[in-house]
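Each remark here refers to the structure printed beneath this line.
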Amino acid sequence: MKVWFYRLGSPKWFYDIAGRCLPWLAWSALLLIAIGTVWGLVFAPADYQQGNSFRIMYIHVPTAFLAQSCYLMMAVAAVISLVWKMKLCDLVIVAAAPLGAAFTFLALFTGAVWGKPTWGTWWVWDARLTAMLILLFLYFGVIALQHAIQDKVASARATAVLILVGVVNIPIIKYSVEWWNTLHQPASFKLTEKPAMPSEMWLPLLVMVLGFYCFFAAVLFMRTRNEILDRERRTKWVRELVQKVSSR
């Protein structure tokens, strides 16, 4: 286990493994999202209260999940970076932050679109919505800090500290509907409880969630591989790789 952990910290090893996983992740994402979209938009029944407007859920829920999951992943990478000084974790954070910001923005936007017919307004200062907006600002802060400090080591350390400070916002997002009286509905299904919606609705949602996670992993791997090539461009293995690609 220890050997595997330190191998994972090798940029070259990660570059090779990520390259092998990319086709599987990309095709899985394409297939799952296509199936989930058709299933959710065409075959899932309309909600008895919200009608067809509930179908925005098939985009909103996966993006909201990923917005939080991405930040938690960055927090884990930040801890590893600070404790074990793995530079690969710094590269993953650089690659992940814009993706997390994009998914958070999509979650907020689709939530506003869903909220208009449901609540009669595009936005309310609801506890969960406000916490999600703070999450977006945290992503922006991470990205800004990465570009503000020229020294890569100092930038990575400052970014990791900011991420760990901001991670307190994640449980607030998750439990806000239970801690406060909010307009936002509770989770439609949980791992430990029976889903609150019929299987005809939540099964395509589950497919979409899996598809979005595969898409996120594929894009994250591509961006991290690009970061590795940029940071390791002076190393022997990258020069050999460039020569090999150029000779084809």
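Readers should treat all values here as calculations from the given coordinates under stated rules, not as data from a laboratory. No experiment lies behind these values; they were computed from the predicted model shown. As a convention, Cβ positions derive from the backbone with ideal geometry for all residues, glycine included, and neighbour counts pool all protein chains shown.
In the chain, the longest principal axis of the Cα atoms and the axis of helix 169-179 are about 20 degrees apart. With axes computed from alpha carbons, what is the tilt in degrees of helix 199-231 against the longest principal axis of the chain, rounded to the nearest 10 within 0 to 90? Relative to the chain, helix 199-231 is tipped by roughly 20 degrees.
The simple spin-label model puts a point 7 Å past each Cα toward its Cβ; for Val153 and Gln50 those points are separated by 5.0 nm. Viscosity 1.567 mPa s, temperature 4 °C: give me the Stokes-Einstein translational D for the chain in µm²/s, with Rh taken as the Kirkwood radius over C-alpha pairs. The calculation lands on 65 µm²/s. Just so you know, the Rg over Rh for the range 102-152 is 1.17, from Cα atoms, with Rh as the Kirkwood radius.
When the alpha carbon coordinates of the range 69-117 are projected onto the principal axes, the ranges are 49, 14, 9 Å, largest first. The mean of 1/r over all pairs of different alpha-carbon atoms in the range 7-143, once inverted, gives a Kirkwood hydrodynamic radius of 17.2 Å.
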